[in-house]
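Encoded as C-alpha cells, the structure appears first; notes follow it.
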Amino acid sequence: MKHFISIHDISVDEFHQLLDLGLKLKKEQKAGIAHPILQGKTLGMIFTKSSTRTRISFEVGMYQLGGHPLYLNANDMQLGRGESIYDTANVMSRFVDGIMIRTFDHQDVLDLAKYGSVPVINALTDHLHPCQAMADLMTVYEHKGRLEGLKLAYIGDGNNVAHSLLYACAKAGMDMSVAIPVGYECEDIVVENAKADAKATGATILTTHDPVEAIAGADVVCTDTWTSMGQEAEKAERVKIFKDYQINSELFAKSKEDSVFIHCLPAYRGYEVTEDVIDGPRSIIFDEAENRLHAQKAILATLMAK
Ligand code: CP
Ligand code: NVA
C-alpha cells in the first residue's frame, strides 16, 4: 500500500490489517503504552474545506505516533493562488514524509499521488471519504464483535460518505443497502466496483429509492448531511427532496431491535436524523468520532513507517 485514497484500491487483507492495527493502537494508547512509530516524520495536511474531526484526529494522531503534523490551509498556500498540483506535489515531497489532503476534486488527490514521491492520504473529496469508512467499520466491529454477515443500511444522499461505505462494506463482507432519492444516487461506477468487490467476500449490495426496503433487517443504520460542503446553495431544494429519507424513530424501528446508529458528523438534527435517534441509546456516534483517531493512526503508521 503506497497511498490511501480509496478503499476500493486496497486488498481485503490490507483492509483487515488496517482495522487490526487500529484496534491494537487504540488499546496501547488507552493503556498508556507509547508507540513513537513515526518519530522524526512530518505529515503535511492540506485543507481546502472546513474540518473539526479530521484536523484534530490527524494532528493528535501524528503527535501520538511521535511525528509532526503540519496544518496547511490551502487558501494560505500558493495552491490557493493557482500554483499547480504538479509543483506542489514535487515541492512538498522534498519537505514532508506524507501528505494528507481534504479537497473538492478527487482528481487533485490522484495527481498529488502521481506527481509526488511520498504517501498521500485522502481526507475527503467530493467523491470519497475513506478514513471515515475505516473508523465507521472499526466502531461497528467493537459494538457487534464481527463485520462479516452484518447488514448496514445507508439512507440519504449518494455522496462521498455513501461511496466509501460501499467500498468498505464490500471489503468487509457486510451487506449494504442504500436508499437514495431519484437524481441523487451513488455514482454507477462506485456501485459497480463495490458489487465486484462484494462478490469476492460474499456480501450483497442493494440500491433502492425506498428507505423502508433498505432499513429492513439492518444491524447498522447510517445517514449523512443532505447538504455536503460545496452544496450550500442547494440546501433549500435538498431539504424538500430528502424529507422522506429522514432517520426518525418510526423508520429506525424497522431495523433490527439491537441495531446501532452511526453518522460521520457534523449532523443536522431535525433534517437527516431526529434527536431521539441520534441522541438515543443505540447511537454510537461519539465512539465513531473517536475511532477516526485510531483508524487513521493505523493508516499513518502503515504508510509512513517505511
Ligand atoms: N466526519 C468528518 O470528516 O468531520 P470533519 O468535517 O469535522 O472533519
Ligand atoms: N458528506 C459530507 C461529509 C462531511 C464530513 C461533506 O462532504 O460535507
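A short reminder: the numbers here are calculations on the coordinates, not readings from a lab. Worth saying up front: this structure is predicted, and the values here are computed from it rather than measured. Ideal geometry is used to build each Cβ from the backbone, glycine not excepted, and the neighbour counts take in all protein chains shown.
Taking a ≥ b ≥ c as the square roots of the eigenvalues of the Cα gyration tensor, the range 18-124 is prolate, since a/c reaches 1.5 or more and a/b is larger than b/c. Cα centroids of the range 119-193 and the range 42-73: 23 Å apart.
For the range 36-192, the relative contact order comes to 17 percent (Cα pairs under 8 Å, sequence separation of at least 6).
Around ARG238, what is the net charge, scoring Lys/Arg as +1 and Asp/Glu as -1 over all other residues with Cβ under 11 Å from its Cβ? Once positives and negatives cancel, what remains is -2.
Computed extension length for THR52-LYS114: 19.5 nm, one decimal, from 0.36 nm per residue of separation with the Cα-Cα distance subtracted. By the gyration tensor of its Cα atoms, with a ≥ b ≥ c the square roots of the eigenvalues, what is the shape of the range 184-306: rounded for a/c under 1.5, prolate for a/b over b/c, or oblate? Cα axes put the range 184-306 in the rounded bin.
Based on the Cβ-Cβ distance from GLU83 to LYS2, what FRET efficiency comes out when R0 is 25 Å, to the nearest 0.05? Efficiency, rounded to the nearest 0.05: 0.55. Over the C-alpha atoms of the chain, the Rg to Rh ratio, Rh being the Kirkwood estimate, stands at 0.96.
Potential lengthening of the chain between LYS240 and ARG94 amounts to 47.7 nm, from the contour at 0.36 nm per residue minus the alpha-carbon distance.
Output the pairs from LYS235/LYS297; LYS30/LYS171; LYS171/LYS240; LYS30/LYS144; LYS26/LYS306; LYS30/LYS256 with a Cα-Cα distance over 24 Å in this structure; if there are none, say none. Over 24 Å apart, Cα to Cα: LYS235/LYS297; LYS30/LYS171; LYS171/LYS240; LYS30/LYS256. Dipole orientation for the range 63-130: of the candidates GLY66, HIS106, VAL120, GLY66 has the Cα lying most toward the positive pole (charges on Cβ; Lys, Arg +1; Asp, Glu -1). Relative to the dominant Cα principal axis of the chain, helix 130-144 is inclined by about 50°. Shown is the FRET efficiency for GLN231 and ASP76, computed with R0 = 25 Å from the Cβ-Cβ distance and rounded to the nearest 0.05: 0.55.
Would you work out if the range 1-80 is rounded, prolate or oblate? Take a ≥ b ≥ c from the square roots of the eigenvalues of the alpha-carbon gyration tensor; rounded if a/c is under 1.5, else prolate when a/b is larger than b/c, oblate otherwise. Judged from the Cα gyration tensor, the range 1-80 comes out oblate (a/c at least 1.5, b/c at or above a/b). Of the two radii for the range 98-196, the radius of gyration is 1.00 times the Kirkwood radius, both from the alpha carbons; that is the Rg over Rh value.
Largest GNM mean-square fluctuation across SER259, SER57, SER84, computed for the chain with C-alpha springs under 10 Å, falls on SER84. Among TYR154, TYR268, TYR63, the order by Cβ neighbours within 10 angstrom, fewest to most, reads TYR63, TYR268, TYR154.
On C-alpha positions alone, give me the angle between the axis of helix 285-304 and the longest principal axis of the chain, in degrees, nearest 10. Orientation of helix 285-304: about 40 degrees from the principal axis.
Taking 22 Å as R0, compute the FRET efficiency from the Cβ-Cβ separation of LYS199 and ASP13 and round it to 0.05. The computed FRET efficiency comes out at 0.85. Computed from Cα positions, the angle between helix 160-172 and the longest principal axis of the chain comes to roughly 90 degrees. Structure remark: mean-square fluctuation, Gaussian network model of the chain, C-alpha springs under 10 Å; the largest value among VAL161, VAL212, VAL221 belongs to VAL212. The relative contact order of the range 254-306, computed from alpha carbon pairs under 8 Å that lie at least 6 residues apart in sequence, is 37 percent.
The relative contact order of the chain, computed from alpha carbon pairs under 8 Å that lie at least 6 residues apart in sequence, is 20 percent. Highest GNM mean-square fluctuation among ILE99, ILE85, ILE33, for the chain modelled with Cα contacts below 10 Å: ILE33.
Can you give the net charge of the other residues whose Cβ lies under 11 Å from the Cβ of MET45, counting K and R as +1 and D and E as -1? Around MET45, the surrounding residues sum to +1. Dipole magnitude for the chain: computed about the Cα centre from +1 point charges on Lys and Arg Cβ and -1 point charges on Asp and Glu Cβ, it is near 980 debye. Of the GluC sites (Glu not before Pro) found in the range 79-157, the ones in coil according to DSSP and having at most 15 other Cβ atoms within 10 Å of their Cβ are GLU83, GLU148.
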